[in-house]
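See structure below.
Derivation of every value follows stated rules applied to the coordinates shown; laboratory data play no part. Predicted, not measured: the structure shown is a model, and the values here were computed from it. When we count neighbours, we look across all protein chains shown, and the Cβ atoms used for this are built from the backbone with ideal geometry, even at glycine.
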Amino acid sequence: MSTKTFRGGAHPPERKERSAELPIERVEQVKQVVIPVNQHFGAPIQPLVKVGDSVKRGQKIADSDGRMTCPVHASIAGTVKKIEPRMQPNNVEGLCVVIEPDGSGATEFMSPLDGFACTKEEALARIHEAGIVGMGGAGFPTWVKLAPPPNKPIDVVIANAAECEPYLTIDERVLTEKPGDFVEGMAVVMRLLGVKRGVIGLEENKKHCVAGLEKAVAERARGAAIEIVLLKTKYPQGGEKMLIVAVTGKEVPSGGLPMDVGAVVQNVGTFVAVCEAFRDGKPLIERGFTASGGALESPKNLYVPIGTVIADLVPEVLKVDEAKVRKVIAGGPMMGVPVPNWTFPVQKNTSGVLFLDADEAKAPAEDPCIRCGRCMRACSCRLSPALLNKALEAGDLDLAREIGVLDCIECGTCSFVCPARIQLVQRFRVGKQLLRNKIAKEAKHAGK
Amino acid sequence: MNIVLITLGFAFALAFAIGLILGVFKKLFEVPVDPRVTAVRDALPGANCGACGYPGCDAYANAVAAGQAPVDKCAPGGKSVAESVASLMGVTASAEDVVAVLLCQGVKDKAPQKGEYVGVKTCRAAKISTGGTKLCQWGCMGFGDCALVCMFDALHMGDDGLPHVDYDKCTGCGMCAAECPQLLFQMAPKARVGSVVTCSNRNVVKANVMKTCKVGCIKCEACVRACPEKCIAMVNGIPVTDYSKCTSCGVCVEKCPTKCYHLLETIEGKSVVVRKSGVDAAPAEV
């Protein structure tokens, strides 16, 4: 097998060895869960339960019939204690349902559905009802991704097993421990989309998973043609657009979506959730994540009910050296969100929690650009970060748009390689927001 | 002597000839200018601030004269300019003089930071990356984006970490309100009289507000109950005064346990917004 890749990128220190060998630990007893109502990318939804209601594990607690929404389910059996704004992993307060366990363990799952015998509509409805969203980070509702418009034929399903973010090892552990579930979920999605070709994109540093995956494909894929493609270990190999280029050679057009080149990309965890939603009727109420970082005495791969508050796991499960913690990040170090403390709940798209020490979290001061061009060579979208930065500094949004600021995927590679430590990507995020506002304003004017 | 006369005669003859040619060509190629454009342009303040949504005063004057823009868009000019432009255009204007009022009083020592922020030092960048650098996600982050866009030198960052509005200079152009990513500036009519809550924390749980800011609105609704005119209502987590009924009695200012209330007043015909229970944005002791 030869390794494939995209142009650009960087190779930050992996630091995966700390947790790569550790089996996933299951946490079952939690003293409360704080379940954010809005965990998906899209329109907001409202809670269906009231304070004082007793809920079963798997019961739907929030939903809406709007498009681009995804229901949320109770992850433990218990009583709704509060419905109030709490801090979410994305660092802002949002409405959360607080449930305390009643010890009954009452479960209310959907009835199992054979993903290889049901109709497409049934399968899609099941994925919607199970509340599955992209578990890699963005939280895009999976059922929306799996229902492309008829003029966009899909010809390949790609499993994003690159896990290019440093520190995170949860996908690697899932591939090692549950390759069968993962492959089955993928086969169900391929059948749903009527796609003949499935590709598992795996970074080279996870080569040891190949044997297990090949065995799982032979046993559990029900004849679906799933191949394993080894990719070069490089950040951001797991970016949707980079993965598609590496695997299919096709480039997603500027401003386009993966469906424009006939590809659907899903994360490892998402496929496992799909498998469980069909086989057990279990909605997305639990997920695995990696807890790591220099200020954590023993890194762990954990599997917890969604809504588990990280602070509740300290110190029994996670031994945090509080004096050493300088920065806490929800997600990976490159694209995760820095959070003020660890009193936030794990939600559907939380792939990791990092407790970084002073050495890992150091943020050197910015220096002037020395025009070395390293950001241009590293940019995974083949943009020119230095020029973009200049345009945005001058407030020239039109020029920034012309040279592609809206195509930036905010992977942070440019900021990582910059020898002057210029915080490029944060400025691009500002530029993108300003530009989008401007475009919306112009569209409004034109409409008038 | 002769040479001087010849030179002078020649110069005068040449000047006369050129003047004649210029005069003829002016008549031949004259572009008629709507006299209203010039009149409207003269009535505008000439700050070229862009608050009207046009690139400058000239562009706005053209648009007004062409009937494409309303006559009351010049915020710095306020009521008087709107009225003179309206009379030039033969219409009536309903503009009010406005000023910017900051709806946050979370000074440095009252509203703590979430943690050390090491990113780009602008409010918008901080908002995108952190959702707000203070524990209160609605509060002023104090990097001064508003002070940078103020064309009239009316906004300055104070030592308390909040922008301070100089009401002698504020023209009500609204650039700060448009720039603030937290939407903390309210453009209040100068003529408005009554109470205002200078807090934007929309968390409905009292304990959560108290954790994040010592001078935030804790939703106790004491003001709503105490108001003799019954003109205060909670809207989206913040008490809002109905100015058609408010009599500036000051009961809410007294009752508010966290000193969120201030009175807007017009004094000595200068139309200045003042705050009774604190100087500018700085809150009184709690």
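Against the longest alpha carbon principal axis of chain B, how many degrees, from 0 to 90 and to the nearest 10, is the axis of helix B:2-28 turned?
60 degrees
In terms of modelled amide H atoms, which long-range or inter-chain residues lie less than 5 Å from the amide H of A:Ala10?
Those lying under 5 Å, H to H, from A:Ala10 are A:Tyr235.
Mean separation of Cα pairs under 8 Å and 6+ residues apart, divided by the residue count of chain B: what relative contact order is that in percent?
It comes to 15 percent, rounded to a whole number.
Return the FRET efficiency for the residue pair A:Ala323, B:Lys255: r is the Cβ-Cβ distance, R0 is 35 Å, and the value is rounded to the nearest 0.05.
0.20
Within a 10 angstrom radius of each residue's Cβ in B:131-143, how many Cβ atoms of other chains show up on average? Whole number is fine.
Whole-number average of other-chain Cβ neighbours for B:131-143 is 2.
Within the set of other residues whose C-beta is less than 11 Å from the C-beta of B:Asp242, count the net charge using Lys and Arg as +1 and Asp and Glu as -1.
Local charge sum for B:Asp242: +1.
Please average, across the residues of A:424-433, the number of beta carbons from any other chain that are within 10 Å of each residue's own beta carbon, and give a whole number.
Across the residues of A:424-433, the mean count of other-chain Cβ atoms within 10 Å is 4.
Fewest Cβ neighbours within 10 Å first, please rank A:His208, A:His73 accordingly.
Going from least to most buried by this count: A:His208, A:His73.
Along the charge dipole of the protein assembly as shown, pointing to its positive end and built from +1/-1 on Cβ of Lys, Arg, Asp and Glu, which listed residue (A:Gly262, A:Leu392, A:Phe278) has its Cα farthest out?
Ranked along the dipole, the leading option is A:Gly262.
Set the bar at 29 Å for Cα to Cα. Now go through A:Lys444/B:Lys169; A:Lys81/B:Lys211; A:Lys362/B:Lys114; A:Lys348/A:Lys438; A:Lys319/B:Lys211 and name every pair that lies beyond it.
A:Lys444/B:Lys169; A:Lys348/A:Lys438
Between helix B:78-89 and chain B, what is the angle of the helix's C-alpha long axis to the longest principal axis, kept within 0 to 90° and rounded to the nearest 10?
On a 0 to 90 degree scale, this one is about 40.
Run the numbers on chain A and let me know its relative contact order in percent, using alpha-carbon pairs under 8 Å that are six or more apart.
The normalised contact order for chain A reaches 19 percent.
Normalising by the residue count of the stretch A:120-279, find the relative contact order in percent from Cα pairs under 8 Å and 6+ residues apart.
35 percent
So, in Å, what gap is there between the alpha-carbon centers of the stretch A:187-206 and the stretch B:1-77?
70 Å
I'd like to know which of A:Val37, A:Gly58, A:Pro47 lies farthest towards the positive end of the charge dipole of the stretch A:12-71, counting +1 on Cβ of Lys and Arg and -1 on Cβ of Asp and Glu.
Going by the Cα projections, it comes out as A:Pro47.
Count charges around A:Gly139 for me, please; just the other residues with Cβ under 12 Å from its Cβ, Lys/Arg as +1, Asp/Glu as -1.
+3
Using a simple charge model, +1 on the beta-carbon of Lys and Arg, -1 on the beta-carbon of Asp and Glu, nothing else, what dipole does chain B show about its Cα centre, in debye to the nearest 20?
Computed about the Cα centre, the dipole is about 940 debye.
If you take the square roots of the eigenvalues of the alpha-carbon gyration tensor of chain A and sort them as a ≥ b ≥ c, do you get rounded (a/c under 1.5), prolate (a/b over b/c) or oblate?
rounded
Charges at C-beta only: +1 for Lys and Arg, -1 for Asp and Glu. How large is the resulting dipole of chain A about its Cα centre, in Debye rounded to 20?
1140 debye
Quantify how strongly other chains surround peptide A:363-369 by giving the mean number of their Cβ atoms within 10 Å of each of its Cβ atoms.
Per-residue shielding by partner chains comes out at 1.
Net charge within 12 Å of A:Arg427 by Cβ-Cβ distance, Lys/Arg positive one each and Asp/Glu negative one each, not counting A:Arg427 itself?
+2
For the stretch A:120-279: lysine pairs with Cα atoms under 13 Å, gap of 8 or more or different chains, count?
5
Which of B:Val101, B:Gly46, B:Ala65 sits farthest toward the positive end of the charge dipole of chain B, with +1 on the Cβ of Lys and Arg and -1 on the Cβ of Asp and Glu?
Checked the options; the winner is B:Val101.
What is the dipole size for the stretch A:120-279, taken about its Cα centre, with +1 at each Lys and Arg Cβ and -1 at each Asp and Glu Cβ, in debye to the nearest 20?
The calculated dipole for the stretch A:120-279 is roughly 280 debye.
Taking a ≥ b ≥ c as the square roots of the eigenvalues of the Cα gyration tensor of the stretch A:42-123, is the shape rounded (a/c under 1.5), prolate (a/b larger than b/c) or oblate?
oblate
Could you give the DSSP H helices of chain A that reach 20 angstrom or more along their long axis (alpha carbon positions) and whose average Kyte-Doolittle hydropathy is no lower than -0.5?
Helices passing the filter in chain A: A:179-193.
Want the number for B:Ala226 to B:Ala39: 0.36 nm per residue separation, take away the alpha-carbon distance, what's left?
Going from the current span to full extension adds 62.1 nm.
Rounded to the nearest 0.05, what FRET efficiency do A:Glu204 and A:Asp367 give with R0 = 41 Å and r taken as the Cβ-Cβ distance? Could you check?
After rounding to 0.05, the efficiency reads 0.75.
Pull out a ≥ b ≥ c, the square roots of the eigenvalues of the alpha-carbon gyration tensor of the stretch A:374-447, then state rounded if a/c is under 1.5, prolate if not and a/b is larger than b/c, and oblate in the remaining case.
It is prolate, given that a/c is not under 1.5 and a/b is the larger ratio.
By count of other Cβ within 10 Å, fewest leading, how are A:Asp53, B:Asp145, B:Asp109, A:Asp171 ordered?
Ascending Cβ contact count within 10 Å gives the list B:Asp109, A:Asp53, B:Asp145, A:Asp171.
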